[in-house]
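Engineer: Can you keep this structure in mind? I'll have questions shortly.
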Amino acid sequence: MIYRIRIQNFKSLRDVTVELSPVTVFIGRSGTGKTNFVSAIRFLRDYLLAGRVPDYAKHHETWRCATNPYEPTEFCVEFTLPTIPMPFSYTLRLAPAWNEPPILERLTVGAKTVYCQVRRVTVVEEATRRPVQWGEPQWETVPRLIYSPEPGLAALGRLPGMEEVVLAHTALTAGIGVYNFPHDVLLRKQDAAGFGLADRGENYLTVLRQLVTNLECIDVRKAIVATLQKLNPTVVSVELDSIQNPQNVIVGHRFGDKILTLYLAQESDGFRRLYAHLLALNQRPPKQTLVFEEPENGIYPAALELLAQEFRAAPEARLGQVLLTTHSPVLLDNFSDEEIRVVDLIDLETRIGSLAEEQRASLREQLLRPGELLTVESARLANGVTQSAQ
């Protein structure tokens with residue numbers, strides 16, 4: 001579980017440190033930086049997967065911090081892993097050009113530095129004393145390998161044989177899912193590269209096939225159907241049309257003593273979106289961290305309470321930590337003050353923090369409902385900054 005993340009100089013995130021819970025809900029006006037925070041997590045994951053800047057961010061001028069565009073971009077992620085008592089911390093600092101080797105990369109486990117590579121400043125701009133050029137990468141803490149690779153591009157994916165490194169790389173790549181399902185989710189089919197359910201769900205047939213062919217997941221499939229039944233009581237099954245070469249998902253509906261089968265494409269957008277979220281939550285192997293952007297889009301309000309229950313239950317069921325952004329009062333009503341983070345934009349820079357203490361007290365005393373933070377009483381950051389109501 002990621003319990004703390006610091007992001008510097010990425011889009012509107014000039015310098016934010018966010019404490020995360022097993023379930024964390026981000027609220028804020030459009031344009032305050034919720035999507036930028038999600039994009040930062042996706043960028044770090046994809047950078048480590050590819051060992052370089054992902055293709056979608058190659059024109060990184062639009063990704064730079066507008067108020068501090070010439071300073072390095074840095075990510076620092078602190079996280080824990082199951083059965084391992086010591087916490088992990090991974091830091092990646094990129095020069096403003098981004099496509100160069102990192103100017104700092106460090107992995108620590110507990111109090112021990114597993115490895116650290118750096119690039120020293122070689123040229124400083126005289127007028128501003130700002131570093132503008134760095135030297136060649138060098139090991140500050142050399143990996144404990146007989147034959148260590150040369151320092152250079154991100155080393156987290158280049159040090160096989162070191163258990164801590166492999167575990168950290170897995171947690172920060174395959175262990176993170178970032179989802180913003182489109183309106184046509186589960187209609188487009190393709191084998192997407194990567195691990196588990198793709199960000200837009202296009203490899204859903206592969207993911208469902210993994211569930212169907214794993215007999216240990218029979219209860220998981222039953223639980224998904226049971227949740228769908230609360231939305232539509234006629235649903236009795238969701239199955240593939242073929243195990244060997246699946247082309248469609250078949251949804252069975254009971255009418256009297258008969259079963260009507262429909263293709264998933266014949267179901268409503270809301271049904272498919274709900275099913276996509278359930279598939280993400282129940283994929284095998286499970287993710288360590290699941291990020292959902294505005295999961296309420298296109299989903300019937302009554303189903304949002306079902307989805308919120310699934311989000312709340314996921315960490316305890318070892319299905320992963322859940323982070324989500326929302327504009328929905330109905331969805332927000334299902335979460336506690338400790339799980340809510342307020343996002344605001346101040347002087348063109350995103351700030352993220354806990355609710356003001358007086359609002360947290362009002363929620364605990366049931367003088368205020370969480371959803372009213374989006375409609376009646378504007379959410380306030382703990383430092384007293386006011387955020388306008390939706």
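Engineer: Could you check the stretch 141-159 and list, in sequence order, the residues that are part of a loop (DSSP other than H, G, I, E, B) and either loosely packed, with under 13 Cβ neighbours inside 10 Å or polar (S, T, N, Q) (or both)?
Structural biologist: Result: Val142, Arg144, Ile146, Tyr147, Ser148, Glu150.
Engineer: Name every residue in the stretch 163-189 that is aliphatic (A, V, I, L, M), in a loop (DSSP other than H, G, I, E, B) and surrounded by fewer than 19 Cβ atoms within 10 Å (Cβ to Cβ), in order of residue number.
Structural biologist: Result: Ala174, Leu187.
Engineer: Same structure, new question: I'd like the full set of residues that are surrounded by fewer than 24 Cβ atoms within 10 Å (Cβ to Cβ) and small (Gly, Ala, Ser), limited to the stretch 277-298.
Structural biologist: Gly298
Results for (1) of a type in the set (D, E, K, R); (2) in contact (Cβ under 8 Å) with a residue 12 or more places away in the chain; (3) out of contact with any strand residue (DSSP E or B) (no Cβ under 8 Å at 6 or more places or on another chain), shown as yes or no for each residue.
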position: Phe195; (1), (2), (3): no, yes, yes
position: Val212; (1), (2), (3): no, yes, no
position: Glu267; (1), (2), (3): yes, yes, no
position: His277; (1), (2), (3): no, yes, no
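Engineer: Let me ask something else about it. Please work out which one of (1) assigned to a helix (DSSP H, G or I); (2) modelled with pLDDT under 95 is the condition Val132 fails and give its number.
Structural biologist: (1)
Engineer: Oh, and also: Would you mind telling me which numbered condition in (1) within 19 Å of Pro96 (Cα to Cα); (2) buried (at least 21 other Cβ atoms within 10 Å of the Cβ) Ala57 fails?
Structural biologist: Evaluating Ala57 over (1) within 19 Å of Pro96 (Cα to Cα); (2) buried (at least 21 other Cβ atoms within 10 Å of the Cβ) leaves (2) as the failure.
A quick yes/no check of all residues on (1) surrounded by fewer than 18 Cβ atoms within 10 Å (Cβ to Cβ); (2) modelled with pLDDT of 90 or more; (3) touching a Pro at 6+ places or on another chain (Cβ under 6 Å):
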site	(1), (2), (3)
Thr62	yes, no, no
Leu92	no, yes, yes
Ala97	yes, no, no
Leu104	no, yes, no
Arg120	yes, yes, no
Trp139	yes, yes, yes
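Engineer: Please indicate, with yes or no, whether at least one residue in the stretch 212-223 is surrounded by 17 or more Cβ atoms within 10 Å (Cβ to Cβ), in contact with a Gly (Cβ under 8 Å, 6 or more places away or on another chain) and either of a type outside the set (Val, Ile, Thr) or under 23 Å from Pro295 (Cα atoms) (or both).
Structural biologist: For the stretch 212-223, residues surrounded by 17 or more Cβ atoms within 10 Å (Cβ to Cβ), in contact with a Gly (Cβ under 8 Å, 6 or more places away or on another chain) and either of a type outside the set (Val, Ile, Thr) or under 23 Å from Pro295 (Cα atoms) (or both): absent.
Engineer: Could you pull out the residue among Leu367, Leu374 that is on the phi < 0 side of the Ramachandran plot, at pLDDT below 95 and surrounded by 13 or more Cβ atoms within 10 Å (Cβ to Cβ)?
Structural biologist: Leu374
Engineer: Restricting to the stretch 330-351, what's the tally of residues that are assigned to a strand (DSSP E or B) and in contact with a Ser or Thr (Cβ under 8 Å, 6 or more places away or on another chain)?
Structural biologist: Of the residues in the stretch 330-351, 8 are assigned to a strand (DSSP E or B) and in contact with a Ser or Thr (Cβ under 8 Å, 6 or more places away or on another chain).
Engineer: Just wondering, is there one or more residues in the stretch 17-40 that are among the acidic types (Asp, Glu) and surrounded by 15 or more Cβ atoms within 10 Å (Cβ to Cβ)?
Structural biologist: no
Engineer: Just for the stretch 266-308: of the residues that are more than 17 Å from Val207 (Cα to Cα) and of a type in the set (A, V, I, L, M), which one is farthest from the chain's Cα centre (by Cα)?
Structural biologist: Here the residue is Ala302.
Engineer: Sticking with this structure for a sec: Residues in the stretch 305-321: is at least one surrounded by 19 or more Cβ atoms within 10 Å (Cβ to Cβ), under 26 Å from Phe10 (Cα atoms) and among the aliphatic types (A, V, I, L, M)?
Structural biologist: Within the stretch 305-321, not a single residue is surrounded by 19 or more Cβ atoms within 10 Å (Cβ to Cβ), under 26 Å from Phe10 (Cα atoms) and among the aliphatic types (A, V, I, L, M).
Engineer: With the requirement that a residue be in contact with a strand residue (DSSP E or B) (Cβ under 8 Å, 6 or more places away or on another chain) and either under 15 Å from Pro370 (Cβ atoms) or not aliphatic (A, V, I, L, M) (or both), what does the stretch 296-330 give you?
Structural biologist: The answer is Phe311, Arg312, Pro315, Gly320, Gln321, Leu324, Thr325, Thr326, His327.
Engineer: Return the total of residues in the stretch 299-328 being touching a residue at least 60 places away in the same chain (Cβ under 8 Å) and either touching an Asp or Glu at 6+ places or on another chain (Cβ under 8 Å) or in a helix (DSSP H, G or I) (or both).
Structural biologist: Result for the stretch 299-328: 10.
Engineer: May I ask you to list the residues in the stretch 96-127 that are part of a loop (DSSP other than H, G, I, E, B) and either of a type in the set (Gly, Ala, Ser) or in contact with a strand residue (DSSP E or B) (Cβ under 6 Å, 6 or more places away or on another chain) (or both)?
Structural biologist: Once the filter is applied, which keeps residues that are part of a loop (DSSP other than H, G, I, E, B) and either of a type in the set (Gly, Ala, Ser) or in contact with a strand residue (DSSP E or B) (Cβ under 6 Å, 6 or more places away or on another chain) (or both), the stretch 96-127 yields Ala97, Pro102, Ile103, Gly110, Ala111, Arg119, Glu125, Ala127.
Engineer: Just checking, does the stretch 330-338 include any residue being within 25 Å of Arg188 (Cα to Cα) and touching a residue at least 60 places away in the same chain (Cβ under 8 Å)?
Structural biologist: no
Engineer: Need the failing condition index for Leu332 against (1) of a type in the set (A, V, I, L, M); (2) at pLDDT 95 or above; (3) within 27 Å of Trp63 (Cα to Cα), just the number.
Structural biologist: (3)
Engineer: Report, by residue number, each residue of the stretch 230-247 that is free of Cβ contacts under 8 Å to residues at least 40 places away in the same chain and over 25 Å from Glu294 (Cβ atoms).
Structural biologist: Pro233, Thr234, Val236, Ser237, Glu239, Leu240, Asp241, Ser242, Ile243, Gln244, Asn245
Engineer: Still on this structure, I have one more. For the stretch 203-263, which strands (runs of 3 or more DSSP E) that fit wholly inside it have 1 or more residues that are of a type in the set (Asp, Glu)?
Structural biologist: 235-240
The values are calculated or read from the model by the stated rules, or taken from the named source; none is laboratory data. Note that this is a predicted model, so its numbers are computed, not measured. As a convention, Cβ positions derive from the backbone with ideal geometry for all residues, glycine included, and neighbour counts pool all protein chains shown.
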